[in-house]
Each structure stands twice: as structure tokens, then as C-alpha cells.
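These notes concern the structure reproduced below.
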Amino acid sequence: MGEPESFDAWSHARLARVEAALQRVLPAPDIAPQRLHEAMRYAVLGGGKRVRPLLAFAAGEVAGAEPDRVAMAGAAVELIHAYSLLHDDLPCMDDDVLRRGRPTCHVEFDEATALLAGDALQSLAFQVAAEYRLAEDGIAQLEMIRLLASAAGSRGMAGGQAIDLAAIGRQLSVPELEFMHIHKTGALIRAAAVLGARCGNGLDAGALAQVDAYAKFVGLAFQVVDDVLDADSSTATLGKTVGKDAKDGKPTYVSAIGLVRARELARGLREEAIAAIAGFGERALRLRQLADFIVLRKF
Ligand code: GRG
């Protein structure tokens with residue numbers, strides 16, 4: 001066997017598959033109601049790192065999953081992610097005007113359209129998860145849909161957002177920050193990896209738990225790095241308003257422990273993530289590379 005392709009080549013090929021899946025499932029802009037469909041497409045197709053679908057692909061490789069299935073599972077997760085960013089940017093939440101280097105959806109369209117576009121993206125995610133074959137049998141697929149719903153709901157991402165909103169103006173301890181982010185950002189990242197693994201049928205419960213543990217550490221590392229970048233990067237590089245969390249009185253890892261220790265924390269979480277999947281050997285190459293990408297990223 002020759003050298004594996006570079007991480008860049010691997011991720012470009014998977015990104016192309018996810019974009020194709022998203023293009024396929026999003027309603028065309030000329031279908032009525034046109035403005036709503038245009039807003040949905042604007043929120044989803046305007047860039048983004050697609051970290052969650054890439055995690056699904058990397059975990060899918062451990063489980064021998066078919067790429068077409070993983071692309072649809074990854075697209076479903078990305079639709080939920082796009083809805084969450086869209087609603088997070090609304091005036092009743094973060095009230096932000098810039099996302100992925102462009103005006104946020106409610107600025108480009110209007111608030112009511114943006115709200116509805118988020119609602120419709122969430123519904124579309126579950127439609128996709130139910131409509132396309134993701135697993136060998138219906139029971140396995142039902143469990144995947146349940147997992148996605150639970151990760152997006154009040155015991156997952158939406159719950160984390162509620163904790164986040166309630167924390168404005170308070171400094172949280174590191175365990176409190178961790179609790180918030182395990183829900184707000186971590187739940188969907190974990191779901192992405194586990195769904196990718198479940199698209200294959202090669203992993204038993206113990207191995208799935210290892211993928212989940214990896215994704216829990218990676219999800220936290222992702223958030224710590226997000227806080228570091230928010231304090232130490234530029235609006236031009238990130239394509240979103242930097243320093244906004246501090247300005248809005250939101251607790252962050254940087255405000256809790258400072259930049260240097262936050263960077264150390266991210267590196268430590270990366271090591272824990274990689275240790276969690278040590279048993280998979282070379283099959284976990286892409287999971288290891290993604291952990292590196294998440295911790296070393298500059299945007
Ligand atoms: C509104 C129910 C509801 C939830 C919103 C995820 C979230 C909850 C809000 C996003 C706020 C935020 C900036 C969190 C920091 C981590 C994060 C999720 C960053 C954005 O994700 P990326 O970096 O974005 O993957 P791209 O644009 O690359 O897709």
C-alpha cells in the first residue's frame with residue numbers, strides 16, 4: 001500500500017461530496033416560497049469550514065462506512081449547525097451582523113425570514129436523516145435520528161445556548177464553562193462523529209464509545225480555540241465580529257484562565273482526544289489529523 005493522500009486532498013474530496021449533498025437537498029431558489037428558500041441557501045452555502053461533516057467522514061472511515069451515506073449524515077448535521085448559527089445571530093440572541101465574511105441572514109433578508117429559514121433548516125435536517133439510507137437497517141437509522149434530535153435539543157445544543165444566555169455578565173468557573181460548551185458546541189460535534197461511525201456497521205458499543213470520547217475532547221478543544229481566536233485574531237481572518245463575547249459580557253476560557261493557559265488547555269484536550277482513539281491504529285489517521293486541524297486552526 002502506498003502513502004495515504006495528504007490531509008488537504010482528503011478533506012477537499014470530502015468537502016466536495018458534502019457540498020453536493022447540501023445542493024441536492026436544499027430547495028432550489030426558484031421554488032416558492034422563493035425568499036425563504038433563498039435565505040436557507042444563503043445560510044448554508046455561504047462557506048464555513050464544514051468541520052462536523054469532516055468529523056463524520058473521519059469517523060466513518062474507522063467503521064468502513066459508505067461515503068454516500070456519510071455525506072448525507074454530515075449534510076443533516078451541517079443543516080442543524082447552519083440553523084443554530086442563523087438563530088444565534090438574531091437580534092434576540094447575539095445580535096450579530098457578520099457571519100462567514102458576509103452580512104448575517106437577518107441583515108441580508110429580514111428578521112422574520114431568517115427565523116423561518118432557521119426553523120426550516122432544522123426540519124430539513126430531520127427530513128434528510130429519515131429520507132436517505134444512512135444505516136444497514138431501519139432500527140439503526142432510527143437510533144441515529146434519535147441521537148441527532150437529542151444533540152440538537154434542550155439536553156444538547158439548544159440547552160447549551162440557554163445556559164450561555166443566562167451566563168451573560170457572570171464569570172463562570174472552568175467546570176461551569178465546560179458544562180455549557182459540552183452542550184452548546186460539543187453535543188453536535190459528538191453527534192457528527194458518532195453518526196459518521198454509525199453509517200458503517202463495523203463498530204461495537206465499546207468502539208462507538210471511543211469515537212464519542214474522542215469527539216467530546218475535540219468539541220471542547222474546538223470551543224477553547226474559538227475563545228482564543230476571538231481574543232487573538234481579526235474580524236477579517238475569522239469572517240465574524242471578533243471580541244464580541246468579551247464586549248457582551250460573556251464568560252470565555254480566555255476570561256477565566258487567560259490566553260496562555262487556554263492554549264495549553266486546547267493542546268491537552270487534543271492529546272486526550274488522540275489517546276481515546278489509540279486502539280483504532282491507522283484507521284484513525286483522519287480523526288487524528290482533524291484533531292490537529294481543530295487545535296492549530298487560525299480561522
Ligand atoms: C440558537 C439553538 C441555538 C443554538 C446556537 C452553536 C451555537 C448555539 C451558537 C454559535 C455561537 C458560537 C460562535 C459558538 C462558538 C463555537 C462555534 C459553534 C463556532 C461556529 O462554528 P464553526 O467555526 O463555523 O464550525 P463555520 O462557519 O466554520 O461553520
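Checking K298, K247 one by one, the residue that is open to solvent by 50 Å² or more (accessible area, probe 1.4 Å), free of Cβ contacts under 8 Å to residues at least 40 places away in the same chain and within 14 Å of the ligand (Cβ to nearest atom) is K247 and no other.
Results for (1) at pLDDT 95 or above; (2) farther than 27 Å from A193 by Cα, shown as yes or no for each residue.
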{"position": "A236", "(1), (2)": "no, yes"}
{"position": "G243", "(1), (2)": "no, yes"}
{"position": "D248", "(1), (2)": "no, yes"}
{"position": "L265", "(1), (2)": "yes, no"}
{"position": "E271", "(1), (2)": "yes, no"}
{"position": "R297", "(1), (2)": "no, no"}
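Can you tell me which residues in the stretch 195-216 are surrounded by fewer than 24 Cβ atoms within 10 Å (Cβ to Cβ) and either under 14 Å from the mean Cα position of the chain (by Cα) or among the charged types (D, E, K, R) (or both)? D204, D212, K216, listed by residue number. One residue alone among L148, L142 is closer than 21 Å to L54 by Cα and either without any contact (Cβ under 8 Å) to a residue 24 or more places away in the chain or in a helix (DSSP H, G or I) (or both), and that residue is L148.
Testing H37 on (1) over 24 Å from V218 (Cβ atoms); (2) open to solvent by less than 50 Å² (accessible area, probe 1.4 Å); (3) in contact (Cβ under 8 Å) with a residue 40 or more places away in the chain, one condition comes back false. Which one is that? So H37 meets the others, but not (3). Quickly run through the stretch 219-234 and pick out the residues that are open to solvent by less than 50 Å² (accessible area, probe 1.4 Å) and over 19 Å from the mean Cα position of the chain (by Cα). The answer is S233, S234.
Can you tell me which residue within the stretch 32-48, out of those that are within 22 Å of F299 (Cα to Cα) and at pLDDT 95 or above, is farthest from the chain's Cα centre (by Cα)?
So the residue we want is Y42.
Among residues of the stretch 159-175 being part of a helix (DSSP H, G or I) and touching a residue at least 40 places away in the same chain (Cβ under 8 Å), the one that is farthest from the ligand (Cβ to nearest atom) is V174.
Please pick out the residue among Y132, Y214 that is of a type in the set (F, W, Y) and closer than 25 Å to A262 by Cα. Outline the logic, then answer.
Details: Y132 fails: closer than 25 Å to A262 by Cα.
Checking each option against the conditions leaves just Y214.
Listed by position, the helices (runs of 4 or more DSSP H) contained in the stretch 192-299 that have at least 3 residues being in contact with a Cys (Cβ under 8 Å, 6 or more places away or on another chain) and of a type in the set (F, W, Y) form an empty set.
The values are calculated or read from the model by the stated rules, or taken from the named source; none is laboratory data. Please read all numbers here as calculations on a predicted model, not as lab measurements. Here the Cβ is made from the backbone with ideal geometry for all residues, glycine too, and neighbour counts use every protein chain on show. Note: areas computed on protein heavy atoms with side chains; ligands, DNA, RNA excluded. Shrake-Rupley method; radii C 1.70, N 1.55, O 1.52, S 1.80 Å.
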